[in-house]
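Following: one structure in structure tokens, then a few remarks.
Only the coordinates and a few stated rules stand behind these numbers; no lab work does. None of these values were measured; they are calculated from a predicted model. For neighbour counting, all protein chains shown are included, and Cβ atoms are generated from backbone atoms with ideal geometry for every residue, glycine included.
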Amino acid sequence: MRAPKLPPKSDFAVDTLPFADSSTFASLEQYAGQLPMSDEASMFFWVITNTTNTFNHDKLLVWLNGGPGCSSLDGVFMENGPFKFSGANQLVPRAFSFSEQFDVLYIDQPFGTGFSTSNTTSFEHTFVGGTQTLLEFLQRFYEVFPDLRKRQLFLAGESEAGTYIPYLANAVLNMPEPFDLRGLMIGNGWVDPFPMYMSYAELLRRRNMLTPNVQLKLETEMARCAREFTRAPQPVHTSKCESVAGVFLDDGGPEPGMCYNQYDLRLTDTHPSCGMNWPPEVGVFTEYLNRKDVQHAINVRKAPSVWKECNNAVHRMLSNDESPPSVTLLPSILEHVPVLFFVGTEDYLCNEVGTEWTVGNLSWAGDIGFSSLRKRSVWTIDGEQVGSVESDRGLTFARIYNASHMVGVDRPRELLDLFTLFTNASASNLRFRSSFRS
């Protein structure tokens, strides 16, 4: 079927946003809207550039949130975009936003996510299929924005994007005329399911949060889960293992009716939410994106009846996918481009222990795990220790202290510093001292 005609770039221009002072954000050049992919389907994007940033215009950063089925507008409004809510009726500039350093493309994908529309019969059932659609989107996007096609491309995201990003990178690298892909940045990523499913007991043990009751139940569920991974192919997700993380959330709370936040173990919540309504801006952000004037401002022509941060139907459609875990793609990807794993150390769901074990088990560039020759450094900003970084043979693993599953929510400065290092970007715009540049 022939793809529909593409609108001109001017049709996607974003001039003003409700609750945002135009003069405050005058330096931003923005384009957003639903790029037609077929007669029934479109994919929503938002590209944000900073016209006063005279550095790093040779780079384009693509940001994907996870789920699957969660909107990348999480990134725009709660993590790394230039906008931050101050109360319910005002948008103010976010300190240390990506737009201080990079031009960023945010994408709602797969179909059914955020403002990306299609019939439910067109929802993706496999990550392989979703990757092909996302690749087609990028090709069509570059037709509308040909100047961005020349940029160095970096793929970044968090959580389930740990599956999306390697799949997309692999597809790009196998194109007849690949985009200029330069690196992958994956935060608290769902990359390697088995070690992550097995990591929860060890994480809790290290934090002195593992009670005998929880330990016993975890061991039972982990043994059942492990049997699932003796078969081939190994799944990205499996219902027989999803219960493992839930043991602690159900039985490890500080008091009856309470549980720890699965995205930030420093926080508690009522059961069974356990962090599902976090960050606190989610409510305001959701109300904002359901406003008709906001949808008009970002060129949404066909909106869902109710915009939701995450679409459970998208999640369900992919729940039985037997595409192999994205970790299987990393050795070949690392032959071509570097990869960064960054992890907020307060996350439970996609935690540092699971990522540590993934790195330790990964075979690439002639060795397994980090070698004795790896570079290791303590990371400081303005004299404060904020994390640690290890790097070897093109793979970097950064721990960001006092950061949650969504690192940009609580440590945007650290994330901006890390991305500046990894992309070899100019640091001239940064307003802090970092050990990366000492």
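Of all aspartates and glutamates in the structure, those lying under 13 Å Cα to Cα from K9, and not within fewer than 8 positions of it along the same chain, are E29, E143, D147.
Rounded to whole Å, the principal axis extents of the Cα atoms in the range 161-239 read 56, 30, 14, largest first. Neighbours of T133 by Cβ distance under 11 Å: Lys/Arg scored +1, Asp/Glu scored -1, total -1. A Cα-only calculation for the range 315-369 places Rg and Dmax at 13.4, 38 Å. Fewest-first ordering of V236, V378 by other beta carbons within 10 Å of each residue's beta carbon gives V378, V236. Bridging of K292 to aspartates and glutamates at a Cα separation below 17 Å is possible for D15, E309, once same-chain residues fewer than 8 apart are set aside.
To the nearest ten degrees, helix 239-251 and the longest principal axis of the Cα atoms of the chain are 80 degrees apart.
If you model the range 194-277 as an ellipsoid using its alpha carbon gyration tensor, with each semi-axis the square root of five times an eigenvalue, the axes come out at 24, 14, 11 Å, biggest first.
Charges were assigned to the Cβ only: +1 to each Lys and Arg, -1 to each Asp and Glu. The resulting dipole of the chain about its Cα centre is roughly 480 debye.
Are any of the pairs K84/K302; K59/K308; K240/K308; K217/K308 more than 29 Å apart by Cα-Cα distance, and if so, which?
K59/K308; K217/K308
Sorted fewest first by neighbouring Cβ atoms within 10 angstrom, T16, T163 come out as T16, T163. Per residue, the convex hull spanned by the Cα atoms of the chain measures out at 148 cubic angstrom.
Footprinting exposure proxy ranking of K150, K5, fewest other C-beta atoms within 10 angstrom first, gives K5, K150. With a cut-off of 12 Å between beta carbons, the residues surrounding F342 carry a summed charge of -4, where Lys and Arg count +1 and Asp and Glu -1. Taking 4.7 Å between beta carbons as the limit, the unpaired Cys residues of the chain are C350. In this Cβ point-charge picture (+1 for Lys and Arg, -1 for Asp and Glu), the range 1-57 has a dipole of about 220 debye about its Cα centre.
The convex hull drawn around the Cα atoms of the range 34-134, when projected onto a plane and averaged over every direction, covers 7.7 nm². Per residue, the average separation of C-alpha pairs within less than 8 Å and at least 6 apart gives the range 315-438 a relative contact order of 26 percent. Counting charges near L61 (Lys, Arg +1; Asp, Glu -1) among other residues having Cβ under 11 Å from its Cβ returns a value of +2.
Within the same chain, lysines fewer than 8 places from K375 are excluded, and of the rest, none has a Cα less than 23 Å from its Cα. The convex hull defined by the C-alpha atoms of the range 337-438 has an orientation-averaged projected area of 6.8 nm².
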